[in-house]
1. Taking the options 274, 213, name whichever one is away from ligand 2 (no atom under 16 Å from the Cβ), in contact with a helix residue (DSSP H, G or I) (Cβ under 6 Å, 6 or more places away or on another chain) and in a strand (DSSP E or B).
2. Among the helices (runs of 4 or more DSSP H) confined wholly to region 472-574, which include 3 or more residues that are not small (Gly, Ala, Ser)?
3. Cβ-Cβ distance below 7 Å, separation of 6 or more or different chains: which pairs start in region 309-328 with a residue that is over 14 Å from residue 190 (Cβ atoms) and touching a residue at least 40 places away in the same chain (Cβ under 8 Å) and end on one that is surrounded by 18 or more Cβ atoms within 10 Å (Cβ to Cβ) and of a type in the set (S, T, N, Q)?
4. Give me the pairs, please: first residue somewhere in region 502-517 and free of Cβ contacts under 8 Å to residues at least 24 places away in the same chain, second residue anywhere and loosely packed, with under 14 Cβ neighbours inside 10 Å, beta-carbon distance under 6 Å, and either six or more positions apart or on two chains.
5. Let me confirm something: among 141, 148, 125, which residue is part of a helix (DSSP H, G or I), at negative phi, acidic (Asp, Glu) and more than 29 Å from the chain's Cα centre (by Cα)?
6. Read through the list (1) touching a Cys at 6+ places or on another chain (Cβ under 8 Å); (2) within 16 Å of ligand 2 (Cβ to nearest atom), then give the number of the only condition that residue 523 fails.
7. Could you tell me whether residue 471 is farther than 30 Å from residue 353 by Cβ, crowded, with 19+ Cβ neighbours inside 10 Å, within 16 Å of ligand 2 (Cβ to nearest atom) and among the hydrophobic types (A, V, I, L, M, F, W, C)?
Amino acid sequence: ERGDRSEEQVSGAEVVARALKTQGVEYMFGIVGIPVTEIAVAAQALGIKYIGMRNEQAACYAASAVGYLTGRPGACLVVSGPGLIHALGGMANANMNCWPLIVIGGSSERSQETMGAFQEFPQVEACRLYSKFSARPSSIEAIPSVIEKAVRSSIYGRPGACYVDIPADYVTLQVNSNAIKYVECCMPPPVSMAETAAVRMAASLIRNAQQPLLIFGKGAAYAHAEESIRKLVEQCKLPFLPTPMGKGVVPDNHPNCVSAARSRALQFADVIVLFGARLNWILHFGLPPRYRPDVKFIQVDICAEELGNNVRPAVTLLGDLNAVTGQLLEEFEKTTWQYPPESAWWKSLREKMKSNAAKAQELASSMSLPMNYYTVFHHVQEQLPRDCFVVSEGANTMDIGRTVLQNYFPRHRLDAGTFGTMGVGLGFAIAAAIVAKDRNPGQRVICVEGDSAFGFSGMEVETICRHSLPIILLVVNNNGIYQGVDPGTWKEMLNFGDAAATTPPMCLLPNAHYEQVMTAFGGKGYFVQTPAELQDSLRQSLAETTKPSLINIMIEPQATRKDQDFHWLTRSNL
Ligand code: ADP
Ligand code: MG
């Protein structure tokens with residue numbers, strides 16, 4: 001006990017909650033238990049929305065998606081030891097995606113440290129590898145300034161995950177409330193601009209390009225640069241390509257979008273401008289044979305350390321994406337230059353787009369049963385509301401779905417991302433639905449999962465039902481990972497021994513009724529095998545405005561992507 005008893009007392013839990021509230025944290029996802037229950041209660045009492053989840057990993061994914069969608073970090077609240085360890089996956093994913101996130105972890109009592117306390121673990125150390133900032137306040141009085149620093153670090157520079165450790169003895173300790181000084185909410189990130197000379201050089205390179213290409217990444221989406229980017233596209237008439245989560249910065253159906261000729265655009269462009277997109281595996285490292293050996297890259301990024309990764313860029317534009325795009329626009333507004341719409345480059349791109357679209361159309365209109373991926377996504381796309389959030393994960397499910405499902409608005413697609421994380425879908429969908437509820441009521445969330453991907457966080461269906469979030473979950477079910485087998489084949493396999501001995505590691509239980517996970521908690525479940533059943537169930541699910549649905553879509557277990565010109569690069573075929 002400390003402080004004057006006649007004064008108002010406040011607990012460490014309340015200090016944590018008020019400090020988060022003061023820093024503009026609106027949402028907290030987590031799982032309560034020793035020693036953090038009081039923090040969740042205090043946060044809720046102050047008006048922070050608290051969403052109790054079923055696994056810390058999913059809670060952490062949800063909190064990070066809130067950060068991406070709103071530009072303010074969501075908080076993830078976890079218990080000591082195993083709770084924190086479960087959250088590490090979410091922290092790593094947020095950091096890899098450059099999304100802001102605050103993790104608040106309870107830890108064992110300081111007086112028992114090194115004695116084998118309940119759930120004792122070196123948490124601050126453990127988080128360091130998965131975050132930009134990891135610290136334990138030195139006292140209750142220091143909590144507000146450490147939380148301010150964590151929130152500020154999460155959104156300044158390249159966004160990322162930050163960890164604050166709260167020992168159990170802080171949580172319940174009462175201190176004189178006058179002793180606590182809350183630090184004012186941190187200022188919005190300062191906006192930096194690129195060097196004028198570099199901007200001029202970039203503009204000149206673009207003007208002189210024969211086969212230019214703009215690439216929009218999720219950095220452009222996060223930076224809310226959609227307006228200036230769209231102006232640039234339209235003023236200069238340049239072809240563009242979004243990365244998976246860069247989709248929607250400019251609508252997918254914009255005439256300058258060359259997604260349907262992605263490989264060709266990458267392979268033959270002579271000048272490429274990267275707007276908040278890294279040259280990692282998603283963009284094939286910027287290297288031949290996926291690119292011309294003499295391609296000139298112009299990199300726009302807020303992170304200086306990113307510039308020059310894997311290639312030697314022709315020009316680097318270090319700064320905030322929206323501000324730098326504005327600088328480029330100004331440069332182009334001085335002239336009336338436009339990239340000629342009748343160029344051989346545009347002709348070549350359009351030709352490829354047309355033939356690729358025809359191939360996909362042919363697969364989509366196939367009448368054979370079980371359905372293939374293209375048929376499924378074709379029917380889903382037909383009914384998707386234009387402004388819905390599309391969440392997606394899986395292997396083929398995500399890759400093929402991305403090419404068919406359109407985004408018309410920025411920050412409306414959430415997927416496995418830079419880290420290729422499976423298990424993010426339900427957490428992301430919950431975050432999107434919670435954000436939609438507050439900011440854009442009526443906006444829907446469609447979560448397109450492979451059957452394997454669904455399994456990683458399937459119990460979050462209970463969270464969805466508890467909060468009456470009208471999420472539509474689609475499980476594109478091929479009975480396995482990459483590919484599965486039909487029930488008959490599986491039965492034959494079992495005849496030769498038990499499942500562990502005979503079933504290929506890719507197989508999951510054939511004909512699993514995942515929709516019953518949803519009906520178990522009061523939502524709507526559908527088991528569909530034909531295009532007509534799929535259309536009906538989608539129509540009914542969209543008509544439900546308070547109840548979630550799960551549509552379990554049976555597809556051909558051996559279905560794959562249409563033939564690709566290239567496979568993913570590995571070291572051996574670089
Ligand atoms: P994608 O997966 O879409 O290619 P990445 O996550 O690889 O996108 O790249 C996003 C990039 O955007 C990161 O390098 C990050 O530093 C950068 N970035 C994030 N916010 C901003 C911003 N406000 N201004 C400029 N760049 C940003
Ligand atoms: Mg599967």
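The values are calculated or read from the model by the stated rules, or taken from the named source; none is laboratory data. Note that the structure is predicted; figures quoted are calculated from it, not measured. Every residue, glycine as well, gets a Cβ built from its backbone with ideal geometry; the counts of neighbours run over all protein chains shown.
1. Details: 274 fails: in contact with a helix residue (DSSP H, G or I) (Cβ under 6 Å, 6 or more places away or on another chain).
When all the criteria are applied, what remains is 213.
2. Of the helices (runs of 4 or more DSSP H) lying wholly inside region 472-574, those with at least 3 residues that are not small (Gly, Ala, Ser) span 487-495, 515-519, 531-543.
3. Every condition considered, the pairs that remain are 316/299; 317/299; 325/228; 326/228.
4. That search, which allows pairs on different chains as well, returns 502/496.
5. Exactly one residue qualifies, and that residue is 141.
6. Unmet for residue 523, out of (1) touching a Cys at 6+ places or on another chain (Cβ under 8 Å); (2) within 16 Å of ligand 2 (Cβ to nearest atom): (2).
7. Taking the combined requirement at face value, the residue does not satisfy it.
Table: residues versus (1) modelled with pLDDT of 95 or more; (2) more than 23 Å from the chain's Cα centre (by Cα); (3) within 26 Å of residue 420 (Cα to Cα).
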position: 324; (1), (2), (3): yes, yes, no
position: 332; (1), (2), (3): yes, yes, no
position: 343; (1), (2), (3): yes, yes, no
position: 350; (1), (2), (3): yes, yes, no
position: 361; (1), (2), (3): no, yes, no
position: 384; (1), (2), (3): yes, no, yes
position: 391; (1), (2), (3): yes, no, yes
position: 398; (1), (2), (3): yes, no, yes
